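**Q** Please find one structure pasted underneath; my questions will follow.
The values are calculated or read from the model by the stated rules, or taken from the named source; none is laboratory data. In this text the structure is predicted, and so the values were computed from the model without any measurement. Neighbour counts are summed over all protein chains in view; Cβ atoms, including those assigned to glycine, are modelled from backbone coordinates with ideal geometry. When the accessible area is computed, the model is the full protein with side chains, heavy atoms only, and any ligands, DNA or RNA have been set aside. Shrake-Rupley method; radii C 1.70, N 1.55, O 1.52, S 1.80 Å.
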Amino acid sequence: MTLPSISTSIMTSEFGWNETAGRYVDLSTGRFVRFSDVRDALDVVMDASAIRMNNITQQLVDGNVSLAEWQSGMMEQIKIAHTAAGASARGGWAQMSQADWGATGRMIRSQYEKLQGFAEQIADGTQLLNGHALMRADLYADAPRGTFEEMRRRYERLSNGMQFERRILGEADHCDDCLDAADEGWQPIGTLPAIGDSVCLTRCHCTFEYSATNPDEEGESESE
Amino acid sequence: MPDKRVPLGKPLKFTEKQLRFLSEVSPADIVKAQEFWRNAAPDEFQTLLDAQTIDDQEDEEEQ
């Protein structure tokens, strides 16, 4: 599939992307944008996505839509959210390569597989249409955070020469899996569990920090 | 008034091949995601994802 060039103009964006540094630049100041600010912006977008998914699921619980309609609506919103999350990690639409879209698609497929299981459990009565179903739907709204971190990890490994990573605990209650992963310290990039693969699932607020060399051995400064 | 609930019906069931196809990001998907980001993101970051690659700037500092 050949993707068309995305029609965006530097005149319409207040930001640039520094590919070497892997950072957004505020064009009005020339300064890097903190990735924590990018993540916060993504969180706001994901909140909007969560509202849509909650609405669709409430429609199902109330008997206003069929299971297939619900599943279709959720699939659409999952794709929108993960597409935006992937691009936000990679520096924007114009910086996404065919391979980057392929990687994003794989993460979307994983969510679709889980959603299919969810839908089947609703159909056979294993999952009741109650508040728990709404909470479970919320997990899909949080999942793009994991796509963001995986696309960042992909860029750091493939384009930025980073070879080590460590888990940074976010501002949240931490599950044992995340505490254990953080305790591992610096490890070869790509070997620590992905964000979303812990017991806390997609509620995880952990992030990664990267380094070209192992700071534990060399004492070098790292990249965020 | 009778309860007019829509019948639950069956879930959508896809093969692995179909899921692979459905999960591909198409140009139309990108346009939807662009619109969603621009409408949902905080005001100061609405154009963030429209960023273009720029040259390295020696005086870039972290905000």
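**Q** Percent relative contact order of region A:111-224, based on C-alpha pairs within less than 8 angstrom and at least six residues apart?
**A** Details: 146 pairs, mean separation 30.4, N = 114.
It rounds to 27 percent for region A:111-224.
**Q** Let me ask something additional. Using the crude model of +1 on Lys and Arg Cβ and -1 on Asp and Glu Cβ, and no other charge, please compute the dipole size for region A:120-198 relative to its Cα centre, in debye to 20. Before the final figure, lay out each step's value.
**A** Details: 8 positive and 16 negative charges, 89 e Å.
Dipole of region A:120-198, to the nearest 20 debye: 420 debye.
**Q** Taking H placed 1.01 Å from N in the peptide plane, check which residues at least 5 places from A:ILE168 or on another chain put their amide H under 5 Å from its amide H.
**A** Sorted by chain and number, the residues that satisfy this are A:THR207, A:PHE208, A:GLU209.
**Q** Working from Cα positions, state the angle (0 to 90°, nearest 10) between the long axis of helix A:67-90 and the longest principal axis of chain A.
**A** Value to nearest ten degrees: 10.
**Q** Counting only protein heavy atoms, what percent of the accessible surface of the protein assembly as shown is carbon or sulfur at a 1.4 Å probe? The partial results should precede the final answer.
**A** Details: 6660 of 13990 Å².
The computed percentage sits at 48.
**Q** First select every other residue whose beta carbon is under 12 angstrom from the beta carbon of A:THR83; then total the charges, Lys and Arg +1, Asp and Glu -1.
**A** On the way: positive: A:LYS79, A:ARG90, B:LYS32; negative: A:GLU76, A:ASP100, B:GLU24, B:ASP29, B:GLU35.
Residues near A:THR83 contribute -2 overall.
**Q** Ignoring everything except DSSP H segments at least 4 long, calculate the 222 nm mean residue ellipticity for the protein assembly as shown; use -39,500 (n - 2.57) per segment, divide by total residues, nearest 500.
**A** Counting only the DSSP helices, I get -15500 deg cm²/dmol.
**Q** Another question about this same structure. Using modelled backbone amide H atoms (1.01 Å from N, in-plane), which distant-in-sequence or interchain residues come within less than 5 Å of A:GLN163's amide H?
**A** Those lying under 5 Å, H to H, from A:GLN163 are A:SER211, A:ALA212, A:THR213.
**Q** Just to confirm, what accessible area per residue do you get for the protein assembly as shown at 1.4 Å probe, in whole Å²? Mind showing how you got there, number by number?
**A** Numbers: 13990 Å² over 287 residues.
Computed with neighbouring chains in place, this is 49 Å² per residue.
**Q** Now a separate question. Between A:GLN127, A:GLY105, A:GLN59, whose Cα lies farthest towards the positive end of the dipole of region A:56-163 when Lys and Arg beta carbons carry +1 and Asp and Glu beta carbons carry -1, centred on the Cα centre?
**A** Sorting the options by dipole projection puts first A:GLY105.
**Q** Let me ask something else about it. Ballpark to the nearest 100 Å², how much total accessible area do A and B bury together, probe 1.4 Å? Write down the numbers at each step before the final one.
**A** On the way: alone 12120 and 7230 Å², together 13990 Å².
Heavy-atom accessible area buried at this interface is about 5400 Å².
**Q** Still on this structure: Sort B:LYS32, A:LYS114 by accessible area with a 1.4 Å probe, largest first.
**A** A:LYS114, B:LYS32
**Q** Size of region A:143-205 along its principal axes in angstrom, Cα-based, largest extent first?
**A** Each principal axis gives a Cα extent; for region A:143-205 these are 32, 25, 17 Å.
**Q** Please compute the Kirkwood hydrodynamic radius over the protein assembly as shown, one decimal place, Å, based on all pairs of different Cα atoms.
**A** Taking the inverse mean of 1/r over all distinct Cα pairs, the protein assembly as shown comes out at 20.0 Å.
**Q** What are the ³J(HN,Hα) couplings of region A:134-145, residue after residue, when phi is run through the Karplus curve with 6.51, -1.76, 1.60 and θ = phi - 60°? Round to Hz, x for glycine and proline.
**A** Karplus values, whole Hz, x for Gly and Pro: 5, 5, 5, 4, 4, 4, 5, 5, 7, 4, x, 4.
**Q** If the only charges are +1 at each Lys and Arg Cβ and -1 at each Asp and Glu Cβ, what is the size of the charge dipole of chain A around the Cα centre, to the nearest 20 debye?
**A** Working: 19 positive and 35 negative charges, 182 e Å.
Approximately 880 debye in magnitude.
**Q** Now for a separate question. Using the Cα atoms of region A:72-224, I'd like the radius of gyration and the largest Cα-Cα distance, Dmax, both in angstrom.
**A** 16.9, 56
**Q** Choose one of A:SER36, A:PRO193, A:ALA87: the residue whose Cα lies farthest towards the positive end of the charge dipole of chain A (beta-carbon charges +1 Lys, Arg; -1 Asp, Glu; about the Cα centre).
**A** About the Cα centre, the residue reaching furthest to the positive side is A:ALA87.
**Q** Under 8 Å for C-alpha pairs, at least 6 residues apart: give me the relative contact order for chain A, rounded to a whole percent. Present the calculation step by step, with values, prior to reporting the outcome.
**A** Values: 288 pairs, mean separation 39.7, N = 224.
About 18 percent, as a whole number.
**Q** Take the alpha carbon atoms of region A:123-169, find their center, do the same for region A:19-60, and report the distance between the two centers in whole angstrom.
**A** Cα centroid of region A:123-169 versus Cα centroid of region A:19-60: 14 Å apart.
**Q** With the dipole of the protein assembly as shown worked out from charges on the C-beta (+1 for Lys and Arg, -1 for Asp and Glu) around the Cα centre, which of B:GLN18, B:LEU49, A:LEU179 lies farthest toward the positive end?
**A** B:GLN18
**Q** Next question, about the same structure. Quick query: amide H of A:VAL25 versus all other amide H atoms, modeled in the peptide plane; which residues come in under 5 Å with a sequence gap of 5 or more or a different chain?
**A** A:GLY16, A:TRP17, A:ASN18, A:VAL33
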